[in-house]
Amino acid sequence: MPSDARILIVDDHEDTLYALESALAPLGYLLGRATSGDEALKQVLRGQVGLLLLDVRMPGVSGVDVVRYMRRLEQTQHIPVILLTGFGPDHELTSAAFALGVADLVMKPVDPWALRTKVRYLFDTHQRHLALEHEVRELRALIKDHTETEETPPHRTPPHPNTRVPLPRAQGAHTGELEQDRT
């Protein structure tokens, strides 16, 4: 992922967006914001999102619905997601979230120190993973190019007519006979 990858913060409440941006600002990452699930999906599909902080309950498309959709698409299925909820522990939500591969489910109000630690770890790990995938693709391409050039027989120049080429030894032939044939 390019260095312009950002963390997308999604919540339908402006004050929550501001609080989350303030909590994450010390990390120095690029931050983006969205106020709905639809808007979040559009930004994620445009690319350059390296982590998603996503409110669970929003009008229209919920946070869980956004994650369901993301996990069906190859380009977005590995983006780490932290779901945020202000409604307390919910066993069904927890089960659904972790079944979808959500990295964490965090209760509001959010502890800024804990959130920064989780975000830093998830974002940096995802970026390293993408860099390694890119490097593997480059190495595979190099190997493919190298093996294709080895499989292509090298161009051989025919020998000059005056060049003496040693004759193979015939089975059962005497050395003396071969010497006579060569001279």
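Tabulated results
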read-out: Failed item, numbered, when Leu167 is tested on (1) modelled with pLDDT of 90 or more; (2) assigned to a loop (DSSP other than H, G, I, E, B); value: (1)
read-out: Filtered residues of the stretch 44-54 (kept if open to solvent by 10 Å² or more (accessible area, probe 1.4 Å) and closer than 21 Å to Lys118 by Cβ); value: Gln48
read-out: Residue pairs meeting the criteria (Cβ under 8 Å; at least 6 apart or on separate chains; first of a type in the set (Gly, Ala, Ser) and in a helix (DSSP H, G or I), in the stretch 127-149; second modelled with pLDDT under 90 and surrounded by 10 or more Cβ atoms within 10 Å (Cβ to Cβ)); value: Ala131/Met1
read-out: Residue under evaluation Arg46, criteria (1) modelled with pLDDT of 95 or more; (2) more than 21 Å from Thr125 (Cβ to Cβ), criterion not met; value: (1)
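The values are calculated or read from the model by the stated rules, or taken from the named source; none is laboratory data. What you see is a predicted model; the values in this text were computed from it and never measured. Every residue, glycine among them, receives a Cβ derived from its backbone with ideal geometry; neighbour counts consider all protein chains shown. With ligands, DNA and RNA removed, areas are computed over all heavy atoms of the protein, side chains included. Shrake-Rupley method; radii C 1.70, N 1.55, O 1.52, S 1.80 Å.
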